[in-house]
Amino acid sequence: MTPTAPATAPPTEPAPPAPRAAGSVRRLAGALHRRPRLRLSLLLGAPLAWLVLAYLGSLAVLFLSAFWATDSFTSDVVRIWNTDNFTALFTTGVYRQVALRSVGVALAVTVLCVLIAFPIALYTARIAAPKWRPLLVVAILTPLWASYLVKAYAWRLILAEGGLLDWALGPLGVSSPGYGLTGTVIVLTYLWLPYMILPIHAGLEQVPSPLLDASADLGAGTGRTLWSVVLPLILPSVAAGSVFTFSLSLGDYIAVQIVGGKTQLIGNLIYANITLDLPLAAALGTVPVVIIVLYLLAVRRTGALSNL
């Protein structure tokens, strides 16, 4: 009897090696997990680079060009370093008046926005039923979806002589303010009001309800609770909203051209000098930048910048 050969298992194919790409991705993920600062730098690097180059770079060019001059014959920009443009800003009375008027308009718009936004935000955040609050917030945001020019020209028709405001106030013996400084303040208040309502709404939502109940238990009325408890807590939210309303009103020039009549603000002055005297326009452009920086430093103490 011939011996039989033992049965042997069929040869098995070796397991394929793990893809190098997957291993590299895992090693990179592990390295980034161990280095959170590197991960944050890679995440914010591109946006910060764009901010520095596009925004801060343009501001730097604006500030540098303010030290140049314009040839009076050819209107060409001459790169001669001097401070004549800034000297004209401080010595020419019309520039000072326009700057002060622009700051006054921005402050007036901010105050009006606070007075109008507070009761609206109080209702949407604390009084309205919870199921209606998201819809009310959407209603507040809806005007922002419309075109800026459409809204400005709509107000031009409203403020015009014989327009809607004249028709509504006519029986009361009151005429429309028409085009001018008052009309500009009204239009800017309407345009930037949502930017004040939303921060105050968010601030009122964060006010603890037990704190309000404790104020009522101690005998404080509604007015006293609002003044002594609610307002101090939402002051940073008000300051955060004022950053938007103040800065947007200070630099606006389109609404002033549409409904401002002969009113001149700093934005109009800059726009008018861009083609006539670019270095002077650059010097004028530094005025709102400096004012806004000072305003931001002032509201920073209230903690408003953390609410933006």
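The values are calculated or read from the model by the stated rules, or taken from the named source; none is laboratory data. On a predicted model such as this, the values are computed, not experimentally measured, just so you know. Neighbour counts are summed over all protein chains in view; Cβ atoms, including those assigned to glycine, are modelled from backbone coordinates with ideal geometry.
Structure summary
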read-out	value
Selection count, the stretch 95-119, where residues are over 16 Å from Ser242 (Cα atoms) and in contact (Cβ under 8 Å) with a residue 12 or more places away in the chain	4
Members of the stretch 120-148 that are of a type in the set (Phe, Trp, Tyr) and either exposed (fewer than 12 other Cβ atoms within 10 Å of the Cβ) or free of Cβ contacts under 8 Å to residues at least 60 places away in the same chain (or both)	Tyr123, Trp132, Trp145
Residue within the stretch 201-218 that is part of a helix (DSSP H, G or I), in contact (Cβ under 8 Å) with a residue 60 or more places away in the chain and farther than 13 Å from Phe118 by Cα present	no
Residue check for Gly223: more than 22 Å from the chain's Cα centre (by Cα), in a helix (DSSP H, G or I) and modelled with pLDDT under 90	yes
Odd one out for Thr302, checked against (1) more than 25 Å from Leu62 (Cβ to Cβ); (2) of a type in the set (Ser, Thr, Tyr); (3) in a helix (DSSP H, G or I)	(3)
Candidate set: the stretch 258-290, residues that are over 30 Å from Asp71 (Cβ atoms) and of a type in the set (Val, Ile, Thr); chosen: the one surrounded by the most Cβ atoms within 10 Å (Cβ to Cβ)	Val259
Filtered residue count, the stretch 236-290, keeping only those that are part of a loop (DSSP other than H, G, I, E, B), more than 20 Å from Ile186 (Cα to Cα) and in contact with a Gly (Cβ under 8 Å, 6 or more places away or on another chain)	0
Residue within the stretch 40-50 that is surrounded by fewer than 10 Cβ atoms within 10 Å (Cβ to Cβ), in a helix (DSSP H, G or I), modelled with pLDDT of 80 or more and of a type in the set (A, V, I, L, M, F, W, C) present	yes
